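Structure record follows, encoded as structure tokens.
Bear in mind these aren't lab numbers, they're just calculated from the coordinates by the rules spelled out. Everything quoted here is computed from the prediction, not taken from an experiment. All Cβ positions, even for glycine, are placed from backbone atoms using ideal geometry, and neighbour counts span all protein chains on display.
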Amino acid sequence: MTRPVASYPVLHLINLNRVRTSRWREAKEMPQPVDNLEVRFYPSEWPSELPRFFWASPDGDGRPHELPVTVGRDENGQFISVRVPSLRFWTMVWMDGWRRAAGRTGFGALQS
């Protein structure tokens, strides 16, 4: 789920890995943790400087942590990539330094 907050995109990752229902608030099973999750961001317009990416999760210490950023290209186009160290239940990823007014934006999450 992507939401604009303070004019920059925020991505909420909810782990439903090996959970039988998508009603995540009602899930009885423990989801299988996902480590080293790659998140790709495909901007329609590129900024002059790459934004800074951060993640935080109540499953850990709850504090924001900066993520290293890489740039690549695949069959969907050029992307900015970050790796989230861990997704247990819920993790949030956001950018600092990106203006939504720069154009339509989109996220894609890929596990490697």
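Restricting segment 36-49 to residues that are farther than 16 Å from R83 by Cα and in contact (Cβ under 8 Å) with a residue 12 or more places away in the chain leaves a set whose member that is surrounded by the most Cβ atoms within 10 Å (Cβ to Cβ) is P43.
At least 2 residues being without any contact (Cβ under 8 Å) to a residue 40 or more places away in the chain and surrounded by 14 or more Cβ atoms within 10 Å (Cβ to Cβ) is the threshold, and among the strands (runs of 3 or more DSSP E) wholly inside segment 50-97 those reaching it are 52-56.
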